[in-house]
Amino acid sequence: MIDQAETQPVHKGLKKGLYLLPTSFTAANIGMGFLAVLFSLRGFQVVAVDSLKAAAYFDYAAIAIGLAILFDTLDGRLARMTKTATEIGVQLDSLADVLTFGIAPVVLAYCWGIGAVFPENSTFHGFGLVVLFLYLMCGAFRLARFNLQATRPRVLIEGTPKIDKKQFVGLPIPLAAGLIASIVHISPVSLNVYGESLSRFYGVSMLILIGILGVLMISTIRYTSFKEFGMGRQKLYLILLIAAFGMLLWLYSQYLLLFVTATYVAHGVLFYLLGVFNFKSKSETAEIVD
(Lines give C-alpha, C1' and ligand atoms only; values in the text may rest on other atoms or scores of the structure.)
Protein backbone atom coordinates (compact mmCIF):
# COMPACT_ATOMS: atom_id res chain seq x y z
CA MET A 1 0.00 0.00 0.00
CA ILE A 2 1.33 3.41 -0.98
CA ASP A 3 1.54 5.93 1.79
CA GLN A 4 -0.86 8.83 1.18
CA ALA A 5 1.79 11.31 2.25
CA GLU A 6 4.03 10.09 -0.58
CA THR A 7 1.32 10.63 -3.18
CA GLN A 8 0.76 14.26 -2.23
CA PRO A 9 2.90 16.96 -3.89
CA VAL A 10 5.54 18.46 -1.68
CA HIS A 11 6.02 22.22 -2.03
CA LYS A 12 9.46 23.34 -1.00
CA GLY A 13 11.59 26.40 -1.49
CA LEU A 14 10.26 28.88 -4.00
CA LYS A 15 7.04 26.95 -4.64
CA LYS A 16 6.19 26.98 -0.94
CA GLY A 17 6.87 30.70 -0.80
CA LEU A 18 4.51 31.26 -3.69
CA TYR A 19 1.70 29.68 -1.69
CA LEU A 20 2.33 32.19 1.11
CA LEU A 21 2.30 35.22 -1.20
CA PRO A 22 -1.48 35.48 -1.81
CA THR A 23 -2.15 34.84 1.90
CA SER A 24 0.18 37.71 2.78
CA PHE A 25 -1.92 40.10 0.70
CA THR A 26 -5.07 38.74 2.35
CA ALA A 27 -3.49 39.43 5.74
CA ALA A 28 -2.72 42.97 4.58
CA ASN A 29 -6.36 43.29 3.54
CA ILE A 30 -7.45 42.30 7.07
CA GLY A 31 -4.94 44.74 8.56
CA MET A 32 -6.33 47.62 6.52
CA GLY A 33 -9.87 46.78 7.64
CA PHE A 34 -8.71 46.70 11.26
CA LEU A 35 -7.02 50.10 10.91
CA ALA A 36 -10.04 51.58 9.13
CA VAL A 37 -12.29 50.65 12.05
CA LEU A 38 -9.84 52.08 14.61
CA PHE A 39 -9.36 55.34 12.66
CA SER A 40 -13.14 55.76 12.29
CA LEU A 41 -13.74 55.26 16.01
CA ARG A 42 -10.92 57.63 16.89
CA GLY A 43 -12.36 60.27 14.55
CA PHE A 44 -15.83 59.89 16.08
CA GLN A 45 -14.28 60.32 19.52
CA VAL A 46 -12.85 63.78 18.71
CA VAL A 47 -15.38 64.99 16.13
CA ALA A 48 -17.13 67.31 18.60
CA VAL A 49 -13.85 68.74 19.89
CA ASP A 50 -11.66 69.11 16.81
CA SER A 51 -13.35 68.67 13.42
CA LEU A 52 -10.08 68.95 11.49
CA LYS A 53 -8.38 66.25 13.53
CA ALA A 54 -11.45 64.06 13.13
CA ALA A 55 -11.36 64.67 9.37
CA ALA A 56 -7.76 63.42 9.27
CA TYR A 57 -8.77 60.19 11.02
CA PHE A 58 -11.73 59.68 8.67
CA ASP A 59 -9.45 60.24 5.70
CA TYR A 60 -6.99 57.65 7.04
CA ALA A 61 -9.86 55.17 7.37
CA ALA A 62 -10.99 55.82 3.79
CA ILE A 63 -7.44 55.41 2.48
CA ALA A 64 -7.10 52.14 4.41
CA ILE A 65 -10.21 50.78 2.69
CA GLY A 66 -8.83 51.91 -0.67
CA LEU A 67 -5.55 50.09 -0.02
CA ALA A 68 -7.50 47.02 1.05
CA ILE A 69 -9.19 46.97 -2.36
CA LEU A 70 -5.74 46.90 -3.96
CA PHE A 71 -4.58 44.06 -1.72
CA ASP A 72 -7.82 42.14 -2.30
CA THR A 73 -7.36 42.45 -6.07
CA LEU A 74 -3.74 41.37 -5.96
CA ASP A 75 -4.18 38.30 -3.76
CA GLY A 76 -6.67 36.66 -6.12
CA ARG A 77 -4.73 37.61 -9.25
CA LEU A 78 -1.46 36.35 -7.77
CA ALA A 79 -3.11 33.08 -6.78
CA ARG A 80 -4.36 32.58 -10.35
CA MET A 81 -1.09 33.64 -12.00
CA THR A 82 1.05 31.39 -9.78
CA LYS A 83 -1.57 28.62 -9.66
CA THR A 84 -1.45 28.60 -5.86
CA ALA A 85 -5.17 29.01 -5.13
CA THR A 86 -6.36 26.92 -2.17
CA GLU A 87 -9.73 26.31 -0.53
CA ILE A 88 -8.59 27.84 2.74
CA GLY A 89 -7.37 30.88 0.83
CA VAL A 90 -10.81 31.36 -0.72
CA GLN A 91 -12.53 31.14 2.67
CA LEU A 92 -9.99 33.42 4.35
CA ASP A 93 -10.44 35.99 1.60
CA SER A 94 -14.22 36.02 2.14
CA LEU A 95 -13.83 36.45 5.89
CA ALA A 96 -11.41 39.31 5.27
CA ASP A 97 -13.92 40.97 2.92
CA VAL A 98 -16.66 40.85 5.57
CA LEU A 99 -14.44 42.87 7.90
CA THR A 100 -12.79 45.26 5.46
CA PHE A 101 -15.64 45.90 3.01
CA GLY A 102 -18.61 45.14 5.28
CA ILE A 103 -17.94 46.26 8.83
CA ALA A 104 -15.25 48.91 8.17
CA PRO A 105 -17.28 51.06 5.70
CA VAL A 106 -20.37 50.76 7.92
CA VAL A 107 -18.40 52.04 10.93
CA LEU A 108 -16.86 54.79 8.81
CA ALA A 109 -20.22 55.91 7.41
CA TYR A 110 -21.71 55.97 10.90
CA CYS A 111 -18.87 57.88 12.55
CA TRP A 112 -18.39 60.34 9.68
CA GLY A 113 -22.05 60.94 8.87
CA ILE A 114 -24.97 59.23 10.58
CA GLY A 115 -23.77 59.28 14.17
CA ALA A 116 -22.34 62.78 13.82
CA VAL A 117 -25.55 64.28 12.34
CA PHE A 118 -28.55 62.55 13.91
CA PRO A 119 -29.12 62.42 17.71
CA GLU A 120 -29.24 58.94 19.19
CA ASN A 121 -32.94 59.09 20.11
CA SER A 122 -34.06 60.48 16.75
CA THR A 123 -36.01 58.56 14.11
CA PHE A 124 -33.35 59.12 11.46
CA HIS A 125 -30.65 57.72 13.73
CA GLY A 126 -32.59 54.50 14.19
CA PHE A 127 -33.37 54.37 10.47
CA GLY A 128 -29.68 54.87 9.73
CA LEU A 129 -28.71 51.93 11.92
CA VAL A 130 -31.20 49.74 10.07
CA VAL A 131 -29.83 50.77 6.67
CA LEU A 132 -26.23 50.20 7.73
CA PHE A 133 -27.10 46.78 9.16
CA LEU A 134 -28.92 45.80 5.97
CA TYR A 135 -25.90 46.88 3.92
CA LEU A 136 -23.73 44.60 6.05
CA MET A 137 -26.18 41.71 5.65
CA CYS A 138 -26.38 42.24 1.89
CA GLY A 139 -22.59 42.22 1.70
CA ALA A 140 -22.37 38.98 3.69
CA PHE A 141 -25.05 37.39 1.50
CA ARG A 142 -23.20 38.57 -1.62
CA LEU A 143 -20.00 36.89 -0.44
CA ALA A 144 -21.82 33.68 0.51
CA ARG A 145 -23.47 33.56 -2.92
CA PHE A 146 -20.15 34.16 -4.64
CA ASN A 147 -18.53 31.28 -2.74
CA LEU A 148 -21.42 29.01 -3.68
CA GLN A 149 -21.16 29.96 -7.34
CA ALA A 150 -17.39 29.44 -7.30
CA THR A 151 -17.77 25.88 -5.99
CA ARG A 152 -21.01 25.07 -7.84
CA PRO A 153 -19.45 22.81 -10.53
CA ARG A 154 -18.00 20.58 -7.78
CA VAL A 155 -20.76 20.72 -5.18
CA LEU A 156 -24.11 20.81 -6.92
CA ILE A 157 -25.71 18.22 -9.18
CA GLU A 158 -24.18 17.32 -12.52
CA GLY A 159 -25.40 19.40 -15.41
CA THR A 160 -25.47 22.72 -13.53
CA PRO A 161 -24.13 25.42 -15.88
CA LYS A 162 -20.85 27.02 -14.93
CA ILE A 163 -20.75 30.67 -13.92
CA ASP A 164 -19.22 33.04 -16.47
CA LYS A 165 -15.89 34.10 -14.95
CA LYS A 166 -15.89 37.26 -17.05
CA GLN A 167 -18.77 38.67 -15.01
CA PHE A 168 -19.85 38.98 -11.39
CA VAL A 169 -23.48 38.44 -10.38
CA GLY A 170 -24.32 41.50 -8.30
CA LEU A 171 -22.10 44.40 -7.32
CA PRO A 172 -18.84 43.17 -5.72
CA ILE A 173 -18.62 44.28 -2.08
CA PRO A 174 -15.11 45.83 -2.45
CA LEU A 175 -16.45 48.32 -5.01
CA ALA A 176 -19.48 49.14 -2.85
CA ALA A 177 -17.16 49.86 0.08
CA GLY A 178 -14.82 51.71 -2.26
CA LEU A 179 -17.54 54.15 -3.29
CA ILE A 180 -18.37 54.91 0.35
CA ALA A 181 -14.68 55.37 1.17
CA SER A 182 -14.04 57.55 -1.90
CA ILE A 183 -16.85 59.92 -0.87
CA VAL A 184 -15.30 60.28 2.58
CA HIS A 185 -11.84 60.67 1.03
CA ILE A 186 -12.94 63.56 -1.19
CA SER A 187 -14.69 65.28 1.74
CA PRO A 188 -13.34 63.89 5.04
CA VAL A 189 -14.82 66.61 7.24
CA SER A 190 -17.77 65.10 9.14
CA LEU A 191 -21.23 66.02 7.92
CA ASN A 192 -22.23 67.86 11.11
CA VAL A 193 -20.17 70.94 10.15
CA TYR A 194 -22.49 71.98 7.29
CA GLY A 195 -25.35 73.30 9.41
CA GLU A 196 -28.44 71.49 10.63
CA SER A 197 -30.55 71.44 7.46
CA LEU A 198 -27.73 70.73 5.02
CA SER A 199 -26.18 68.12 7.31
CA ARG A 200 -29.47 66.25 7.54
CA PHE A 201 -29.84 66.38 3.76
CA TYR A 202 -26.35 64.96 3.24
CA GLY A 203 -26.95 62.32 5.91
CA VAL A 204 -30.20 61.13 4.34
CA SER A 205 -28.60 61.15 0.87
CA MET A 206 -25.76 58.99 2.18
CA LEU A 207 -28.23 56.53 3.67
CA ILE A 208 -30.09 56.29 0.36
CA LEU A 209 -26.83 55.62 -1.46
CA ILE A 210 -25.81 52.93 1.04
CA GLY A 211 -29.24 51.31 0.68
CA ILE A 212 -28.90 51.29 -3.11
CA LEU A 213 -25.43 49.71 -2.84
CA GLY A 214 -26.87 46.98 -0.63
CA VAL A 215 -29.61 46.21 -3.15
CA LEU A 216 -27.11 46.13 -6.02
CA MET A 217 -24.94 43.62 -4.15
CA ILE A 218 -27.76 41.07 -3.83
CA SER A 219 -29.18 41.77 -7.28
CA THR A 220 -28.60 39.65 -10.38
CA ILE A 221 -27.13 42.56 -12.34
CA ARG A 222 -23.93 41.54 -14.13
CA TYR A 223 -20.66 43.38 -13.50
CA THR A 224 -17.44 42.96 -15.44
CA SER A 225 -14.86 40.98 -13.45
CA PHE A 226 -11.67 41.85 -15.42
CA LYS A 227 -10.24 38.52 -14.16
CA GLU A 228 -8.82 37.60 -17.54
CA PHE A 229 -7.32 41.01 -18.22
CA GLY A 230 -3.56 40.96 -17.80
CA MET A 231 -3.27 37.23 -18.39
CA GLY A 232 -1.26 35.78 -21.23
CA ARG A 233 -0.18 38.34 -23.83
CA GLN A 234 -1.93 41.17 -21.99
CA LYS A 235 0.58 41.24 -19.13
CA LEU A 236 2.48 44.15 -20.68
CA TYR A 237 -0.73 46.20 -20.96
CA LEU A 238 -1.55 45.39 -17.33
CA ILE A 239 1.86 46.62 -16.17
CA LEU A 240 1.47 49.85 -18.14
CA LEU A 241 -2.05 50.34 -16.80
CA ILE A 242 -0.93 49.80 -13.21
CA ALA A 243 1.93 52.27 -13.68
CA ALA A 244 -0.37 54.93 -15.15
CA PHE A 245 -3.02 54.32 -12.50
CA GLY A 246 -0.42 54.55 -9.74
CA MET A 247 0.83 57.92 -10.99
CA LEU A 248 -2.68 59.32 -11.36
CA LEU A 249 -3.56 57.97 -7.93
CA TRP A 250 -0.59 59.74 -6.41
CA LEU A 251 -1.54 63.05 -8.04
CA TYR A 252 -5.33 62.98 -8.03
CA SER A 253 -6.38 60.26 -5.59
CA GLN A 254 -9.54 62.02 -4.38
CA TYR A 255 -11.04 62.50 -7.83
CA LEU A 256 -9.70 59.31 -9.39
CA LEU A 257 -11.04 56.95 -6.72
CA LEU A 258 -14.49 58.54 -6.80
CA PHE A 259 -14.57 58.42 -10.61
CA VAL A 260 -13.44 54.79 -10.83
CA THR A 261 -15.77 53.45 -8.15
CA ALA A 262 -18.80 55.47 -9.28
CA THR A 263 -18.23 54.47 -12.91
CA TYR A 264 -17.95 50.80 -12.03
CA VAL A 265 -21.09 50.86 -9.89
CA ALA A 266 -23.02 52.68 -12.62
CA HIS A 267 -21.85 50.61 -15.59
CA GLY A 268 -23.61 47.44 -14.42
CA VAL A 269 -26.90 49.28 -13.93
CA LEU A 270 -26.55 51.01 -17.30
CA PHE A 271 -25.89 47.76 -19.18
CA TYR A 272 -28.79 46.11 -17.37
CA LEU A 273 -31.18 48.91 -18.37
CA LEU A 274 -29.93 48.78 -21.96
CA GLY A 275 -30.49 45.02 -22.00
CA VAL A 276 -34.05 45.43 -20.69
CA PHE A 277 -34.75 48.14 -23.26
CA ASN A 278 -33.40 46.03 -26.12
CA PHE A 279 -35.43 43.03 -24.96
CA LYS A 280 -38.61 45.09 -24.90
CA SER A 281 -37.85 46.52 -28.34
CA LYS A 282 -37.32 43.03 -29.79
CA SER A 283 -40.54 41.79 -28.16
CA GLU A 284 -42.54 44.67 -29.59
CA THR A 285 -41.00 44.09 -33.04
CA ALA A 286 -41.87 40.39 -32.87
CA GLU A 287 -45.49 41.21 -31.92
CA ILE A 288 -45.82 43.59 -34.88
CA VAL A 289 -44.41 40.96 -37.25
CA ASP A 290 -46.82 38.32 -35.92
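The values are calculated or read from the model by the stated rules, or taken from the named source; none is laboratory data. Nothing here was measured: the structure is a model prediction, and the numbers come from that model. Every residue, glycine as well, gets a Cβ built from its backbone with ideal geometry; the counts of neighbours run over all protein chains shown.
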**Request:** May I ask you to verify whether residue 56 is part of a helix (DSSP H, G or I) and at pLDDT 90 or above?
**Result:** yes
**Request:** For the stretch 92-106, name all the residues that are surrounded by fewer than 22 Cβ atoms within 10 Å (Cβ to Cβ) and either touching a Phe, Trp or Tyr at 6+ places or on another chain (Cβ under 7 Å) or of a type in the set (A, V, I, L, M) (or both).
**Result:** 92, 95, 98, 99, 103
